[in-house]
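The next block holds one structure in the form of structure tokens; read it before the comments.
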Amino acid sequence: MTQNCRRPVLILAIGSWLISGFFLTKSTIWLCPLLIVLTFRDKRTWLILLMVFRLLLITQAQDQVYQGLCQVFPVDYTRIDQWRVTIDNTDYLFQGQLPGSGRYRVDAKLIPFRTNRYHSGFSEYDYYRSLGFHARAEFDRFDLVTPLEEGWSFHLQQSLYRQLDGYGDSQNLAYALLFGGSRLLDRSFHRSLREIGLLHLLVVSGLHLRIYDRSIDRILKRFMVPRLIRRGLILGTMYGLLIITDFHPSCVRSIGLILLQEGVFYRKTTIDRLDQLALISWLMLLINPYWATGTGFLLGTIAHASLVLPRRPSILRLYLVILPFQLLLNGILSPFYVLANLGLACLMSQVLPLLALTVIVPVFQNIGQWWLLGLIKILHQLHQLDLLKLEVMMPSPWVIGLILIFYILLLLRLESEIATRWFQQYRIGIFILLGVVIGIAQTAHIDHQVGVHFLDVGQGDAAVIITQTGRSILIDTSRSDRFFDHLRYLGIRHFDAVFISHRDDDHSKWVDQLSYHSGYTSRYTPLPGFQLLEAGDRLSFDEVEMMIYHPDRNYDNENDNSLVIQVYAHGKTFLFGGDVTGDMLHASWIEDIDIFKYPHHGSLHSLNPNLTNQTDIGLIVLSYGKNKYQHPHPVVIDYFNQTKLHETYHQGSIHLYNGRFRCY
């Protein structure tokens with residue numbers, strides 16, 4: 001039954017966001033809340049159709065080759081290996097090393113971004129399209145024709161970063177907190193900040209922008225500066241941050257709201273604050289629909305609403321509202337993290353303006369450095385605390401269910417008093433029903449992980465086998481820290497067995513950070529505490545049977561000492577090839593296998609054309625990422641052109657179980 005809409009602009013914005021999310025992700029998870037939103041009746045609901053029309057205008061990139069002139073500039077100062085390539089007024093992304101900005105003559109391949117979506121919800125396609133890139137550019141040849149000066153935004157970022165020299169070792173952290181340049185942080189420290197939730201609280205949500213806005217306004221008010229000048233200075237500051245952050249949605253939102261609020265003020269009309277936020281959010285989606293699936297857009301909108309809507313805004317209320325996102329995005333929640341974020345958020349509202357002041361008055365940067373060093377020590381200690389730390393598989397149905405309930409309650413409270421009263425009347429039955437549904441979904445989610453997972457870990461190998469009884473077996477760890485995100489998604493903290501094919505970093509980097517019962521590796525590439533295996537050895541774990549085919553002796557080439565393992569699991573036979581060369585492969589190994597984990601990330605050196613039965617395999621998995629070795633080599637792709645290939649770089653992780661498979 002439809003009901004009258006008390007806040008039509010809010011429903012318009014939410015409906016447009018849900019339609020955009022459904023269109024871009026093709027996930028049915030967006031449909032249920034979309035149908036609920038569409039039950040609110042209002043004559044202006046037809047404006048949602050504008051969003052549909054805008055989505056239909058999106059053009060899809062296709063593989064193509066370009067030869068000719070183009071302009072190349074760095075994306076920004078914090079991404080020195082990423083370049084904006086402009087061809088016929090269309091921007092493409094090049095990742096790699098170049099002599100500098102300029103006009104280049106290139107032979108380039110223009111390749112669409114990967115569309116697979118990680119279990120965290122991140123999509124490379126959505127992310128880079130939201131930044132204005134149409135596709136990825138890969139140069140086969142490039143010649144610098146005319147050097148060009150970097151844009152003024154690059155020089156602004158560079159000068160601001162150099163202005164923070166007084167922070168010493170804390171310079172990168174100071175820049176990240178002040179301007180959002182978290183890419184400069186050490187990767188392990190960046191992971192810690194993300195896990196604790198501080199980056200989401202301050203940088204991703206755009207809270208630091210709100211702090212600047214309020215601080216500048218308060219200071220200028222004390223000096224009785226006229227409103228027009230105050231808002232003009234704030235608008236100029238936000239515009240500078242917009243350029244520095246490469247059009248981060250939080251900056252776009254802040255500028256849009258300032259312009260709208262000033263227009264309303266000088267026209268002497270009134271627009272509800274929530275309607276203002278909803279209107280700007282809707283316009284942002286019309287401009288760039290790809291923001292709909294971005295963390296920055298959603299988290300920033302909710303954070304801004306929690307600050308501007310209450311009569312008495314508080315950091316405490318803000319944090320309580322965005323708290324569910326910490327669990328949703330990171331899969332980790334700890335009472336220590338909650339208390340730390342709450343304390344730091346309240347502290348940052350006072351400290352961040354003072355840190356910003358040190359950009360203008362560098363003499364105080366020594367004090368700022370002392371404070372940041374203390375912050376780093378506190379965060380390091382917090383990260384080590386395992387007591388009461390809750391880890392869940394993400395996306396976990398029960399967590400997502402609880403978060404949806406949380407935000408639906410907020411929406412009902414804002415939209416309809418009748419709906420709120422109805423919910424209160426039947427809340428016990430609703431919670432019981434939802435609890436049962438979420439419990440069933442969680443059980444199904446755990447069971448759903450049984451099978452063999454080839455993980456998307458960039459340029460490296462990692463595979464997980466989960467038995468019917470829940471025992472877990474790992475084959476290689478890769479070198480990417482994305483590996484740990486996969487483990488959290490699968491709900492694995494401890495392995496029953498770990499196999500390391502050989503000692504190369506892209507197969508074994510994280511082995512010292514794992515908890516496991518027993519470890520196995522090649523006899524000729526030993527690791528401390530690992531049992532050594534060679535050709536002829538057999539092992540079994542529940543219904544999973546493993547046969548070691550290789551190595552049979554010590555080889556001069558380290559790659560040829562890799563373990564080659566045949567695995568029978570869940571009704572299928574797999575062959576894991578490690579990094580062996582093609583000469584090591586035998587026809588008898590390949591005759592009866594269903595899935596072949598092709599060796600060495602698709603290298604031509606692992607191809608043995610004499611083994612023609614390689615092309616009879618049901619599925620060949622190529623595990624690789626962006627790399628300087630040109631893996632997989634074209635000759636390998638051409639050789640298997642009649643065979644079903646799964647490339648983790650393009651299609652993500654693959655989960656196989658009882659003849660079925662899914663990519664994620």
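Each residue, Leu347 and Val264, gets one label point 7 Å from its Cα in the Cβ direction; the gap between the two is 3.5 nm. Potential lengthening of the chain between Glu149 and Asp552 amounts to 139.2 nm, from the contour at 0.36 nm per residue minus the alpha-carbon distance.
Please sort 157-168, 287-298 by packing, taking for each peptide the average over its residues of neighbouring beta carbons within 10 angstrom, highest first.
Per-residue Cβ counts within 10 Å, averaged per peptide and sorted highest first, yield 287-298, 157-168.
Each label point was placed 7 Å from the Cα along the Cα-to-Cβ direction; for Leu433 and Ile376 their separation is 5.4 nm. Here r is the Cβ-Cβ distance between Asp616 and Glu543 and R0 is 30 Å; the resulting FRET efficiency, rounded to 0.05, is 0.70. Solvent-accessible surface of region 51-98, taken per residue with a 1.4 Å probe and all protein chains present: 55 Å².
Would you mind telling me the share, in percent, of accessible area of region 89-130 contributed by carbon and sulfur at probe 1.4 angstrom?
Working: 770 of 1700 Å².
Its accessible area is 45 percent carbon and sulfur atoms.
Here Lys268 is the anchor, and the lysines within straight C-alpha reach of less than 27 Å, apart from those fewer than 8 places off in the same chain, are Lys43, Lys221. Measuring spread by the Cα atoms of region 526-619 yields a radius of gyration and Dmax of 13.2, 39 Å. Compute the FRET efficiency between Thr86 and Asp63 as 1/(1 + (r/R0)^6), taking r as their Cβ-Cβ distance and R0 = 22 Å, and round to the nearest 0.05. Result of the calculation: an efficiency of 0.70.
Taking label positions 7 Å along the Cα-Cβ direction at both Lys26 and Arg214, the computed distance is 4.4 nm, reported to one decimal.
Residue by residue, region 83-91 carries 3J(HN,Hα) couplings of 10, 8, 9, 9, 10, 6, 6, 10, 8 Hz when phi is fed to the Karplus relation 6.51 cos²θ - 1.76 cosθ + 1.60 (θ = phi - 60°); x denotes Gly or Pro. Packing-based ranking of 348-361, 579-592 yields 579-592, 348-361, ordered from highest to lowest mean Cβ neighbour count within 10 Å. Annotation: amide H of Gln468 within the under-5 Å range of Glu543, sequence separation 5 or more or interchain, hydrogens built in the peptide plane.
When peptides 550-562, 598-610 are sorted by average Cβ neighbour count within 10 Å, with the highest value leading, the order is 598-610, 550-562.
On a 1.4 Å probe surface of the protein chains, which of Asp126, Asp542 comes out largest in accessible area, and what is the full order?
Working: Asp126 5, Asp542 70 Å².
So, going from the largest accessible area down, we get Asp542, Asp126.
The values are calculated or read from the model by the stated rules, or taken from the named source; none is laboratory data. All values derive from a computational prediction rather than experimental measurement. A quick note on method: Cβ atoms are made from the backbone with ideal geometry, for glycine too, and the neighbour counts reach across all protein chains shown. Each accessible area value is taken on the protein alone, full model and side chains, heavy atoms only, with ligands, DNA and RNA left out. Shrake-Rupley method; radii C 1.70, N 1.55, O 1.52, S 1.80 Å.
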